[in-house]
Amino acid sequence: MRISDALVKELLLKSGKATDEQIKNIREQSGNNKTALQDLVVKGNIISEKELTQLYAAEIEVPFIELDPKDIKREVLRLIPERIANQYKVVLYGIDNDGAKLLAIEDPDDVQAVNFLKKELGNDIKVAMASEQNIRTALEQYRDNITSELTKVMSPEEITEDIDENISEEDVAEDSPIAQTVNLLIEYAVKAGASDIHIEPRENMVSVRYRIDGILKETNKLPKKVLAALVSRIKILSNLKIDERRAPQDGRFKISANGAIYALRVSTLPIVDGEKVVMRILNESSKALTLEELGYWGRSLKTINEAIIQPHGMVLVTGPTGSGKSTSLFSVLSLINSPKVNISTVEDPVEYRVPGTNQTQVNPMAGMTFVNGLRALLRQDPNIIMVGEIRDGETAGLAVQAALTGHLVFSTLHTNNAATCLPRLLDMGIEAFLIASTVRAVVGQRLVRRLCPTCRESIEPDAATIKKISESFAISDAASMKFIHQLEEQALDGGIGKTGAGKQSTLSLSTSEKQITRIWRAHDGGCDECNLTGYRGRIGIYEVLNNSDTIQKLIVANSTSEVINQQAIKDGMVSMQVDGFIKALRGQTSLEEILRVTASKGSE
């Protein structure tokens with residue numbers, strides 16, 4: 001669907017989505033007058049493709065529809081051949097009670113397509129408009145499951161016995177079975193919402209596993225003889241050395257799938273049974289979420305919002321690998337990004353692109369380390385600096401010096417909780433008084449699986465469950481129960497879990513001042529929406545330590561992390577475990593998930 005620049009401008013102005021000045025600025029920033037305004041405003045996050053399609057549909061007086069692929073019956077969908085559906089970007093999604101065929105099309109002004117469809121299906125059709133990405137996603141329903149798709153492209157006669165020994169150009173060419181296999185593995189990973197693809201050689205086969213919502217799940221087994229060609233194909237895409245099999249390598253490439261751009265970070269590693277490959281999937285088309293959407297609320301949200309508007313100082317995010325630290329920083333940088341400030345970063349790797357910022361990729365082989373990169377950034381007149389990770393004393397020292405000399409510095413550390421971060425800087429050789437005077441706030445975080453909103457269940461807890469909750473979350477008396485109730489009220493006011501109606505409603509509280517009245521859990525066996533797991537997606541649980549005067553005195557006195565943590569809680573910090581417990585009460589996750597992720601933290 002192509003909309004003229006004049007009409008796009010008119011729709012944006014009429015709907016209040018943009019002003020004349022914003023449209024003019026985005027046109028100037030692109031520096032390319034040949035690019036359609038429609039593409040520029042979507043790419044610049046002024047309006048989403050779905051919203052623009054809705055406005056256009058209303059303008060031409062055609063019904064707009066958002067398709068849910070899972071609601072489309074395959075026998076109805078296949079009344080239009082796949083080739084025709086892809087050619088005209090049309091989906092037959094249903095038949096109404098009068099026998100009229102319901103069509104969703106990307107461009108209802110395509111007279112040729114509509115006339116052809118009338119010839120194929122009869123004149124009794126009803127046409128609605130859907131966004132291009134929505135149409136593409138629905139067209140995926142023509143595809144079979146990954147096992148049958150792989151069977152089609154990897155038939156035994158096409159896989160020779162000696163492929164593992166001698167890899168020819170034909171074996172890894174664009175149209176080869178191996179190339180199609182790699183494409184399928186990536187496509188189905190994106191479709192399943194996986195964050196990582198693991199291709200792992202075993203003694204007699206190759207195991208393919210996807211990490212979905214933080215949990216690894218085996219999806220397929222491939223013949224061992226395809227391993228070398230499979231790895232070589234991935235190395236070609238990632239611009240790595242094909243003949244280097246004894247040393248680990250890192251690379252990167254991009255693909256387009258379901259109307260979005262994905263960057264795949266590739267890591268190869270020699271193991272006993274061959275070369276293992278892990279591909280991290282990053283959606284480059286995704287917009288930065290707000291802090292509220294990430295799961296911040298109450299005092300935690302207030303503390304971090306106050307810290308990120310300071311003119312100088314340090315804000316640190318801590319947690320293990322894969323806990324969402326980069327996502328939090330991406331959201332914060334997007335929040336404070338404006339033409340008035342110079343934001344510069346040094347990262348390893350650059351995972352998210354933030355328009356209007358200066359992002360530098362670490363390259364140790366070229367001498368671009370965190371230390372050298374940070375030194376160079378300080379000569380670039382930055383207002384805000386983001387260092388991907390503080391790994392050593394030298395990087396820590398430079399970051400502290402930057403914070404002391406009028407810069408706002410963001411970075412990450414690998415520690416178990418927020419309080420442990422401060423003694424960790426001491427271990428790196430930073431003077432206590434410098435830590436006390438530069439650190440503004442420390443965020444500790446984890447990711448937990450989110451309960452499927454379609455099939456989650458609420459039950460009234462029995463005595464045994466209440467006892468377990470009391471022991472796990474230190475709810476020992478009436479005062480602590482009242483405190484939990486007050487926190488849940490704050491979370492509800494902050495919009496945490498405020499969704500649904502009927503049995504799935506979380507508009508009411510799960511606690512009273514005296515007791516827990518209900519708990520939420522995953523439905524045993526799940527549903528089709530959550531792939532029979534009971535969980536769909538992930539959400540963060542957080543603790544945000546405000547570096548108050550009291551905490552500063554403890555830092556200067558070289559107090560332990562336990563003492564600092566206890567004082568932070570007295571000052572009003574909600575610990576990660578309690579934050580998770582409140583989100584479990586709000587129906588966002590389960591108690592089992594919180595205990596799984598925070599078990600090592602005890603019941604502070």
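The figures follow:
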read-out: Rounded tilt (10° steps) of 561-570 against the dominant C-alpha axis of the chain; value: 80 degrees
read-out: Cα long-axis angle, helix 177-192 against the chain (0 to 90 degrees, to the nearest 10); value: 60 degrees
read-out: Contact order normalised by residue count of region 523-583, Cα under 8 Å, 6+ apart, percent; value: 34 percent
read-out: Length-normalised contact order of the chain in % [C-alpha pairs under 8 Å, at least 6 apart]; value: 9 percent
read-out: Calculated [θ] (222 nm, deg cm²/dmol) that DSSP helices of n ≥ 4 give over the chain, each run adding -39,500 (n - 2.57); value: -11000 deg cm²/dmol
read-out: Rounded to whole Å, sorted largest first: equivalent-ellipsoid semi-axes of the chain, Cα gyration tensor; value: 42, 32, 29
read-out: Ranked by how many other beta carbons lie within 10 Å on average, peptides 578-588, 351-361 from highest; value: 578-588, 351-361
read-out: Span from the region 536-592 Cα centroid across to the region 189-241 one, whole angstrom; value: 37 Å
read-out: Within-13-Å neighbourhood charge of Gln112 [Cβ basis; K, R +1; D, E -1]; value: -1
read-out: Ranked packing of 290-298, 302-310, 455-463, most packed first, by mean Cβ within 10 Å; value: 290-298, 302-310, 455-463
read-out: Beta bridges per DSSP with both ends in the chain, % antiparallel, nearest 5; value: 65 percent
read-out: From phi via Karplus (6.51, -1.76, 1.60), per-residue ³J(HN,Hα) for region 88-103 in Hz, x at Gly/Pro; value: 9, 6, 9, 10, 8, 9, x, 10, 7, 5, 8, x, 6, 8, 9, 10
read-out: Volume of the Cα convex hull of region 230-330, divided per residue and given in Å³; value: 162 Å³
read-out: Per the chain, cysteines lacking a partner by the 4.7 Å Cβ criterion; value: Cys421
read-out: For the chain, accessible area per residue (1.4 Å probe, heavy atoms of protein chains only), Å²; value: 48 Å²
read-out: Model label zone, Glu120; criterion: amide N under 18 Å from point 7 Å along Cα-to-beta-carbon; scope region 50-81; value: 72-81
read-out: Heavy-atom accessible surface of the chain: percent carbon and sulfur, 1.4 Å; value: 48 percent
read-out: Using alpha-carbon coordinates, inclination of helix 298-307 to the longest axis of the chain, degrees; value: 80 degrees
read-out: Global geometry of region 224-266, whether rounded, prolate or oblate, following the gyration tensor of its Cα atoms and the 1.5 cut on a/c; value: oblate
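The values are calculated or read from the model by the stated rules, or taken from the named source; none is laboratory data. Keep in mind that what you see is a predicted model, and the values were worked out from it rather than measured. Cβ atoms come from the backbone with ideal geometry, glycine included; neighbour counts cover every protein chain shown. With ligands, DNA and RNA removed, areas are computed over all heavy atoms of the protein, side chains included. Shrake-Rupley method; radii C 1.70, N 1.55, O 1.52, S 1.80 Å.
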